1. Working out 0.36 nm times the residue gap between R341 and N172, then minus their Cα-Cα distance, what length gain in nm do you get to one decimal?
2. Under the rule of at least 5 residues apart or a separate chain, name every residue whose amide H is placed under 5 Å from the amide H of L288.
3. Loop-only trypsin sites (Lys or Arg not before Pro) in segment 303-345, please: DSSP not H, G, I, E or B, and at most 16 other Cβ atoms within 10 Å.
4. Distance between Cα centroids, segment 156-176 to segment 227-271: provide it in whole Å.
5. Hey, quick one: spin label on A307, modelled 7 Å out along Cα-Cβ, who in segment 234-255 has an amide N within reach, i.e. under 20 Å?
Amino acid sequence: MLYLAAVLIVASVALFVAAPLGGGPLATRRTGRDAAEAERLEHERALAMQGLRELEFDREMGKLSEPDYAALHEGLMARAPGARGGGRRFARGRRARSVLPPMRGRGRGGKLLQRMRRAAFPIGARVGAGRAMTAPLIEARALGKSFGTAPVLREINLAIEAGRGAAVVGANGAGKSTLIRLLAGLSAPSLGAAMLFGVPARSLKPMQRRRVGLLSHQSFIYPNLTARENLEFYATLYGVAQARAAAAEWLERVALEAAADARVHGFSRGMEQRLAIARAMLGRPEVLLLDEPFAALDADGAALAAALVREAMGRGCAVLASAHSADALQELGFAVLTLRRGKLVSDAASAAGHGTARASLARQVS
């Protein structure tokens, strides 16, 4: 009996000692914590690497000053061990710690760089505060679109700021309408990002969508309603105050007041295009995406449309328009970009043999 008791005591002591060392509940909990910590560190590193890529893109596009870039880059490199020139040697730097607080629980997505900037520079004391650093309203980042195995758009990089415009020209089937649809959020990109107001175009909230005017090959005009009823409907949809008065004003502006109470199914193609232009602009959008805005218009209609686009740009609207010919849009001060073999090139870049173009070089409309 004494022998059996001794054996039980020794076994109990052995289990008690062995439990913390491995195999027991405490060891299991510790192993779980270690795995969770490793996963957290890996996630943090992945976020930092993503931030480095976005940082390099913003620097290339001229949206970051060198001091901003240096400070943010140092903080990110401290959190991305294994990156070129990076590692933990920055972690002990006071500046690196102040630039980027721990990213635990920060989430994922395209707003990473905005969070980094807010963390790095307190409001009212940020590097670059007090000077104009306008973010683009329309932006494409390495944007690509394929249908099946056939690529239509490849590595499209584009940024258009407030009050500026870019004209995309190209042959039939070059991908102009596809680019407009991607930036409008009507189609999902195969690669890269299509952004409006710094947000992925397909993630815009209803209040943000009200700030976008779209003109496409589909007029979005209801044929069994009158011209007036169509504009009143869209004015209400966009939250325009005094929808009836706004509809009457825009019918006059596009020279359709005489046909205001006629049903649209009896309109000519040019009249329907004028009405579609009014529909796209009556909400005073901050972004205009225009797919061949002068299609089906006579000389007077084209001049009227150009005047409305010029007015919109004058109040700070960013405009991207597609066309077969850029003559009319060049007169408005648009940067001219050409879609060729799925890539976007500017006149200057085409001559130099480069494959990308930046619409931020568009001239400001006076």
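1. 59.7 nm
2. Close amide H contacts, sequence-distant or interchain: G213, A318, V319, L320.
3. When the trypsin sites (Lys or Arg not before Pro) of segment 303-345 are filtered for loop state and at most 16 Cβ neighbours within 10 Å, R315, R341 remain.
4. For segment 156-176 versus segment 227-271, the Cα centre distance is 28 Å.
5. Inside the label zone: 246-255.
No value in this document is a laboratory result; all are computed from the given coordinates. Since the structure is predicted, the reported quantities are computational estimates derived from the model, not experimental observations. Here the Cβ is made from the backbone with ideal geometry for all residues, glycine too, and neighbour counts use every protein chain on show.
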